[in-house]
Structure formats: C-alpha cells, structure tokens
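The values are calculated or read from the model by the stated rules, or taken from the named source; none is laboratory data. Nothing here was measured: the structure is a model prediction, and the numbers come from that model. In this analysis, Cβ positions are derived from the backbone assuming ideal geometry, glycine residues included, and neighbour counts consider all displayed protein chains.
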Amino acid sequence: MKYLIWLLFCPFLLCCGKKLDRVQEVLTIRNMNDLATVEYVVTKIIKTNDNKTWYKIGDRKILMSCQASIKAGIDFSALKPENITINGDEISLQLPPAKMISLSIRPEDISVQYEDVGVFRQSFSQAEKDLLLSQGEEQIKSSIASLGVLNTAETNASVFLTQFLKKLGYKKINIRFGDKAITQPVG
Amino acid sequence: MFRSIKAILIIIVVAAAGLFLLRKLDFIPSWNQVFSAAPLEIDETPVLIKEVRELASLITVTGYDEVVVDSVHADPNQIALRTLTGGLAANPFAPMFDRIVLVAKGQVICGTDLKKMSDSAIRVFDDSASVTIPKAEILDIIINPSGFETFIEEGNWSDQAITAVKIKARQKMRDRAMQQQLLSKANTRAISLMTSMLQASGFEKVTINVER
C-alpha cells in the first residue's frame, strides 16, 4: 500500500517540485588599468518575424528599439617603461591602440514598439526577447569599427594626456598609438 | 503470392537503406530537424549615433557579479474567477500568482573621473609632484540582455514590470559592491596607478591625495 501511494504521487513530486537552485552569488574583483576617453550613445532597431517554422500557423512579429552606450579607451596595463622616453622637457609615449572598454544596454532603454502575434501563436516570452536583444548586442559590437569609436578614443586620449603632461611641465609631447604618431607641441 | 511479398520486402529494405545512407551523408534532414522550430534571428539594421561624449575615467576595479531577483504578483483573472464562483469554476491547478525569477550576470565598474580634477590639483616642484584626485565612484553597472537568464516565467508580465525587476538586479549588484568596499579598493588602486605613472614620467617624489 505504501509503495502504491508512493507510485501515485511520484510523478507529482517530480513535476511540481520546480525548486530554485541556490545560485552561488560570488563577486569577483579584478584590478583594471583602463582610461575610458569616449562614450558613444547609439540606437538600434531590433526586429524579427518568426514565420520560418513550417508547422506553426500564423505570424509572430516583434519590433524593439534600444539605446546602447559604448565606452572606449586605452589599456594602460599594456604600457611598459620602455614605451616612455623622456629627454629634458620632451616626453614621448607609445600607447597601445584604443579598445572597446564596455557596451551597456540598460533595461529602461529598451522598448517594445510593435508586437503582432497570430491567434495560434504564443506571445514572445522574456527569454526570447532577451535572446533577440543579445543578437542586437552582438551586431552593435561588430559595428564599432565602422562607427569610428576607436579613432575618437585615441584622439581624446591624446588630448587628455597632452593637457595632463603639460601641467606636469613638459613642453613637447609626442603620443603614438601603435604605428600612428600624434605630436602635440605645447606653445 | 510469396514472390510479391518478397518483392515488397526487398523494396522496403532498399528504401530504408537508401534513406539511412542519405541521412548519413546529410542529404536529408533528421526527424528532429524536420519538427524543430526555426531559430529566432533578427534582421540586420543600422546602428545610429545619437551622442558622443568625451570622457576621462580611470577604471581601476571591476567587480563581476551574479544575482538572483524575483517578483510575484497576483493574477487578477484567477482571483476574480475564484471570488465570483467561490472557487468552483476556477481551475484548481492554475497558479494564483504570476512569478518571475531572473538570474543576472553583470559588472560593477569603479574608478576615478579625472575630468573632475581641478586646475590646482597638480603641483610640480623640481622632481616632486603632488596630485589630488577625485574620490572613486561607481562609473557603471552593466547588465546587458545577454547577461539575463529567465529561470521561471509564469503568468503575464508587462515589459514595464520586467524592466522593474531588472532594475532591482542592478540595485542589488550596487549594494553588494558597496558591501564589498569596492570604492575603497578603487581609491587605493587609483593612488597606486597614478604614483606609478608619475614615477615613470620622471618624478622621484610623488604624493597622491584623494579628495574628501
């Protein structure tokens, strides 16, 4: 009898016990050495039409818009003592090329503009919306070079460091990013 | 009679072997592929620049964190149905409450905003330099859509309600960063970095102060 009750309730116990696994909440701290010099605020439309599955009847379309912030700058940890040359009141810096530091899409900067779901279809779940937005995130990342973010980051870094080194008393400042050279003589 | 059965069997075996071979050579899709849903893919759209801002933020410490946030609200349809019918007409298995549980992975970026440095912050005398830097702050808390995992989504959730839950995750990450004294670590690191930088720039005596 005991086994019969167990067998009867076993499927319920297995199905209904949707328990949240205790996620290990760990804060990992990492030391950085980046100088962020530019922030680009960009917008993007994310749209899809889920009509490619042959056995699903009806369309399911969504159109979202989002705003992202791209920050770029210089990684100073790649700067070695041999990259700095001082000759009297003249200083030369050879800096690493600019890199993307962060891409941020805040939840409040995402909005669903249009959603059309057929009667035989289910509306987009949160997981599906996040999946589509993740693809948008990747498209934004891949467009960074064409937006000129890194060039602006290098120009801004050069301007900031020139002003900083000028305050430290240097008269002639040469800043180079990889192979490119920017000379900033201080008048 | 026997011959015709034999012929049918041979045709079936040959057809099965043919299908098996075509599947192995990937000429035809598998049974699972035929009935699997096509993946959701977004269209290529342009990225438009809205604004360009000049920064001078020295990022010194980044905390990588993972938090769990949830929210529960009563399902008004179920409650109305149960109230009106005394619980008789309502589906007893339908949940009374809508529930969402999200797992969020993100980063808390801390550093010093060097744009806030005043003109009098740098003082130089011979081989000595004294610099006063602004105190460290949380520059950004980043939880992108790719950082969210929906663990449970039951019932109907509006976009505004989901956004509120996601903002709660960001606040939780901020609180945890403050508990871990990330800003204090960022200040210490900024002093160390500025000292190294000035020493590399030819100054022998370097003093770095953090603004109060």
On the basis of being closer than 22 Å to residue B:72 by Cα and either in contact with a Cys (Cβ under 8 Å, 6 or more places away or on another chain) or without any contact (Cβ under 8 Å) to a residue 12 or more places away in the chain (or both), does residue B:150 make the cut? no
Assigned to a helix (DSSP H, G or I) and in the same structural domain as residue B:64 (by TED's automatic domain parsing) - does that describe any residue in the range B:120-131? yes
Report, by residue number, each residue of the range A:123-145 that is of a type outside the set (A, V, I, L, M) and in contact with a strand residue (DSSP E or B) (Cβ under 8 Å, 6 or more places away or on another chain). A:123, A:124, A:125, A:126, A:129, A:130, A:135, A:136, A:137, A:139, A:141, A:143
Please indicate, with yes or no, whether at least one residue in the range B:166-178 is in contact with a Cys (Cβ under 8 Å, 6 or more places away or on another chain) and on the phi < 0 side of the Ramachandran plot. yes
Examine the range A:109-116 for a residue that is among the acidic types (Asp, Glu), at pLDDT 95 or above and surrounded by fewer than 18 Cβ atoms within 10 Å (Cβ to Cβ), and state whether such a residue exists. yes
With the first residue restricted to the range B:51-66 and required to be under 16 Å from residue A:28 (Cα atoms), and the second required to be of a type in the set (S, T, N, Q), Cβ contacts under 6 Å at 6 or more apart or on different chains are B:62/B:107; B:64/A:28; B:64/B:107
From the option list B:80, B:89, B:38, single residue qualifying as surrounded by fewer than 12 Cβ atoms within 10 Å (Cβ to Cβ), under 24 Å from residue B:161 (Cα atoms) and modelled with pLDDT under 95 is B:80
Checked pairs for the range A:139-160, first over 21 Å from residue B:47 (Cα atoms) and within 9 Å of chain B (Cβ to nearest Cβ), second buried (at least 18 other Cβ atoms within 10 Å of the Cβ) and polar (S, T, N, Q), C-beta under 7 Å and 6 or more apart or across chains, list as A:156/A:37; A:157/A:37; A:160/A:37
Of the residues in the range A:66-86, those that are within 10 Å of chain B (Cβ to nearest Cβ) and in a strand (DSSP E or B) number 11
